[in-house]
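The values are calculated or read from the model by the stated rules, or taken from the named source; none is laboratory data. Worth saying up front: this structure is predicted, and the values here are computed from it rather than measured. Every residue, glycine as well, gets a Cβ built from its backbone with ideal geometry; the counts of neighbours run over all protein chains shown. Surface areas here come from the heavy atoms of the whole protein model, side chains and all, with no ligands, DNA or RNA. Shrake-Rupley method; radii C 1.70, N 1.55, O 1.52, S 1.80 Å.
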Amino acid sequence: MAQIPNLDNSPLNLKSLREQSQKDLVKILKDIRGKKCLVIEPKLGGSLSLIIQTSLLKEYGIELRHLSAEPVQTDCTKVVYLVPSQRDLMKSISSHVHDDISKGLQREYHIYFVPRREIQCERILEEEKVHHLITIGEYPLYVVPVDEDILSFELDLAYKQCQVDGDTGSLWHIAKAIHKLESTFGVIPNVRAKGKASVLVSDILDRMHTEEPMNSSDMALSEINTLILIDREVDMVTPMCSQLTYEGLLDEFLRINNGSVELDSSIMGVQQDGKKMKVPLNSSDKLFKEIRDLNFEVVVQVLRQKATSMKQDYTEMTTTNQTVSELKDFVKKLNSLPEMTRHINLAQHLSTFTSKPSFLAKLDMEHTIVEASSYDICFDYIEEMIHKQEPLVNVLRLLILFSVTNSGLPKKHFDYLRRELLHSYGFEHMATLNNLEKAGLLKKQESKSNWLTVKRALQLVVEDTDTANPNDIAYVFSGYAPLSIRLVQHAVRSGWRAMEEILKLLPGPHTETKRLGFASSPSFATLQGASNGLDKIADGRRSLVLVVFVGGVTFAEIAALRFLSAQEGMAYDLIIGTTKMVNGHSLVETFFETIG
């Protein structure tokens, strides 16, 4: 199965976006004549694997290498670097050039910055005295389609950069990415933003419209009805909870990277001593598409039913005479056997984690913290985790959940836990704790928490959630409805004006704007249900809402959005944009910094 996701069923023509990115890259490489070596920064290589197949690049006579500190080993006289605009990478490239010169190698060098060149990078090349030897260009890759309804801006550190470093460069990148989408799919008439960074993105986007106005025909062809921007800061409770959907759990335990997981081949029933294998996970896999967003409890039942049904069919085949068309149906079912085997192996592997008493105890504790009912029990549990020296990232994840729902910890408790953490894990982690404090994720309590009010008003805790036949988004966490998605749900159903007071209790400002030139178009605040003809695009498709998460989104939140979109009476298809896919661990790890 192809690593590149199939985008044929996307509610927006994401295929055209991907094809444009392919063409741009191929043009860059074709314009540099002759045999060449393409050196790609490894993480960027992962993003490119969702855009273009390696085999296609090799057809153009290109040797592929990953960028490292080691000199590039190649016979090619032309070396093309494809790298993000990061200062540390310039040192590596400069040392490659110096190394070649010292060996008397004559080469032609090109650097293509993704998505744009930055002065500070070029300054380092000048300081290293290699700038004049290098031809510099840009590869404007702002958006990567990860699946038929997910777009990634590939900004891993956006949340930490904004919250801790005060660097808002990523917000310009997000606005530019949305602006590029608008140049393809028309200006988005309605914009809603919640959170400091989201409101800034909305402002930058408005400025871009003023500086590069779209022509009137672009405005008429608006395929996306509304843009909803939500800061990760607005809801840090959701990513700190353990996801309980199939795809969410795969990410929690195996880390999904660029639409695939890498694991020991033995787990997948392939006997290759100690070898790793990549398993693609996207909607090209029909079975995965069917089960990815289900609560994991249900996935096991679904796989069992499918396996039983297949077994019965096989028994019938071997004991009775079948017609040709019955044989054909059976063979069709057999075609799905590799997918079945793949997911039975993955589900079995996940069960080894989810059945552990430690995992179940952690789930109980997360629910207790979210309920905000037993402060002392939660505090003691976290204290015990520290004393047992459980992995630091696990401790911090639960501690952040505890701090955010309590609006910080009383000074005595805060100081005590901070001291215990440094004693248990080492004083080199002081910078990490400082980063979390700076981001407001671990803090001293200065005012009473409003979590209980928010939780009740938005019905974030849903008793007796039926995970098999869910009627609410709370099924993705077995009883907790993600706050971020409740905000989207309200925005889509009745607008945010009705919940103004609750929005004020959440971090950051919020805005609702109607773009110039659309003053008379139907606002989506007035659209109710699917009965109104205003929510259809001219060709009969449902209107689109683009939900952008500034700072990352979890697979469980995406599952909840897909669930919303599939509800009867829902007038919109939803497309998700995100700086990156995250879970609690990967988000906490972006704040890690060791001293010494």
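Considering only residues that are part of a loop (DSSP other than H, G, I, E, B) and of a type in the set (Ser, Thr, Tyr), look in the stretch 122-181 and name the one that is farthest from the chain's Cα centre (by Cα).
Ranking the candidates gives Tyr139 first.
Scan the stretch 21-44 residue by residue and report those that are aliphatic (A, V, I, L, M) and over 20 Å from His96 (Cα atoms).
Listed by number, the residues that qualify are Leu25, Val26, Ile28, Leu29.
It is to be established whether one or more residues within the stretch 392-410 are of a type in the set (Lys, Arg) and open to solvent by 30 Å² or more (accessible area, probe 1.4 Å).
Taking every residue of the stretch 392-410 in turn, none turns out to be of a type in the set (Lys, Arg) and open to solvent by 30 Å² or more (accessible area, probe 1.4 Å).
So for the stretch 572-591 (the condition being at pLDDT below 95, charged (D, E, K, R), part of a loop (DSSP other than H, G, I, E, B) and surrounded by 15 or more Cβ atoms within 10 Å (Cβ to Cβ)), does at least one residue qualify?
Within the stretch 572-591, not a single residue is at pLDDT below 95, charged (D, E, K, R), part of a loop (DSSP other than H, G, I, E, B) and surrounded by 15 or more Cβ atoms within 10 Å (Cβ to Cβ).
Restricting the search to the stretch 1-32, which residues are at pLDDT below 90 and either open to solvent by 60 Å² or more (accessible area, probe 1.4 Å) or acidic (Asp, Glu) (or both)?
Residues satisfying the conditions are Met1, Asn6.
If you take the residues in the stretch 78-104 that are in a helix (DSSP H, G or I) and small (Gly, Ala, Ser), which one is most open to solvent (accessible area, probe 1.4 Å)?
Only one residue tops the list, namely Ser102.
All but one of (1) within 25 Å of the chain's Cα centre (by Cα); (2) not in a loop (DSSP other than H, G, I, E, B) hold for Leu441, so report the exception by its number.
(2)
Can you tell me which residue within the stretch 177-215, out of those that are under 20 Å from Val492 (Cα atoms) and polar (S, T, N, Q), is surrounded by the fewest Cβ atoms within 10 Å (Cβ to Cβ)?
Result: Ser202.
So is Leu421 crowded, with 21+ Cβ neighbours inside 10 Å, within 19 Å of Thr594 (Cβ to Cβ) and more than 27 Å from the chain's Cα centre (by Cα) or not?
yes
Would a scan of the stretch 465-476 turn up a residue that is of a type in the set (D, E, K, R) and either modelled with pLDDT under 95 or over 22 Å from the mean Cα position of the chain (by Cα) (or both)?
Yes, because at least one residue in the stretch 465-476 is of a type in the set (D, E, K, R) and either modelled with pLDDT under 95 or over 22 Å from the mean Cα position of the chain (by Cα) (or both).
It is to be established whether one or more residues within the stretch 220-234 are open to solvent by less than 10 Å² (accessible area, probe 1.4 Å), touching a residue at least 24 places away in the same chain (Cβ under 8 Å) and outside any strand (DSSP E or B).
Yes, some residue in the stretch 220-234 is open to solvent by less than 10 Å² (accessible area, probe 1.4 Å), touching a residue at least 24 places away in the same chain (Cβ under 8 Å) and outside any strand (DSSP E or B).
As an exercise: evaluate Ala491 against (1) among the aliphatic types (A, V, I, L, M); (2) surrounded by fewer than 14 Cβ atoms within 10 Å (Cβ to Cβ); (3) over 16 Å from Thr368 (Cα atoms); (4) in contact (Cβ under 8 Å) with a residue 60 or more places away in the chain and give the number of the one condition it does not meet.
(2)
Would you list the helices (runs of 4 or more DSSP H) that sit entirely within the stretch 373-426 and hold 1 or more residues that are among the β-branched types (Val, Ile, Thr)?
375-387, 392-405
Under 7 Å between Cβ atoms, at least 6 apart or on separate chains: pull out the pairs that start in the stretch 18-41 with a residue that is small (Gly, Ala, Ser) and end on any residue that is surrounded by 15 or more Cβ atoms within 10 Å (Cβ to Cβ).
From residues that are small (Gly, Ala, Ser), the pairs are Ser21/Ile51; Ser21/Leu141; Gly34/Lys78.
May I ask you to list pairs of residues, at least six apart or on different chains, whose Cβ atoms are under 6 Å apart, with the first in the stretch 324-351 being acidic (Asp, Glu) and the second being at pLDDT 65 or above?
Sorted first by the residue in the stretch 324-351, then by its partner, the pairs are Glu339/Asp285; Glu339/Leu287.
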